[in-house]
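Below: one structure, written as structure tokens.
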Amino acid sequence: MTSVRRVERTLTQKYNMPSLRALQHLELELTAKLATVYNCEVDDVPVEIDLLHIYHEEASTRRAILEDILKEAPSDCKEILDSLMEEFAKIDAMAAAKAHHDK
């Protein structure tokens with residue numbers, strides 16, 4: 001039992017759980033929006049976007065990574081990308097506030 005608690009504590013210390021939950025929610029919203037762009041069901045979206053991975057990239061490169069993934073989308077994804085960048089900024093601020101609070 002102790003090892004399970006240690007693992008859970010390690011995971012919650014390694015990841016900012018509110019940020020992780022926000023990214024998971026954002027990923028679900030993104031998939032729904034992309035289903036509309038690609039005119040398909042959510043499960044059939046032809047691109048896979050791992051927002052957690054992209055979030056851990058430098059903030060200055062996130063948009064370019066997403067643009068590259070969505071370059072062959074059937075319509076412009078500028079509004080979706082703008083919205084994602086705003087949400088990433090909010091998550092960054094939330095993570096910074098938590099890190100400052102934890103000091």
Applying 1/(1 + (r/R0)^6) with R0 = 30 Å to the Cβ-Cβ distance of M94 and D44, what FRET efficiency is obtained, to the nearest 0.05? 0.40
Give a quick list of trypsin sites (Lys or Arg not before Pro) in region 30-82 that DSSP marks as loop, anything other than H, G, I, E or B, with at most 16 other Cβ atoms within 10 Å. K71
Arranged from highest to lowest average of other beta-carbon atoms within 10 Å per residue, in what order do the peptides 90-96, 49-55 appear? 49-55, 90-96
Length gained, A35-E86, 0.36 nm per residue minus C-alpha separation, equals 16.3 nm
Using a 7 Å offset from the Cα along the Cα-to-Cβ direction at both K71 and E57, what is the distance between the two label points in nm, to one decimal? 1.2
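Bear in mind that the values in this text are calculations on the coordinates, not laboratory data. Predicted model only: the values in this text are computed from it and were never measured. No Cβ is skipped: glycine too gets one built from the backbone with ideal geometry, and neighbour counts run over all protein chains shown.
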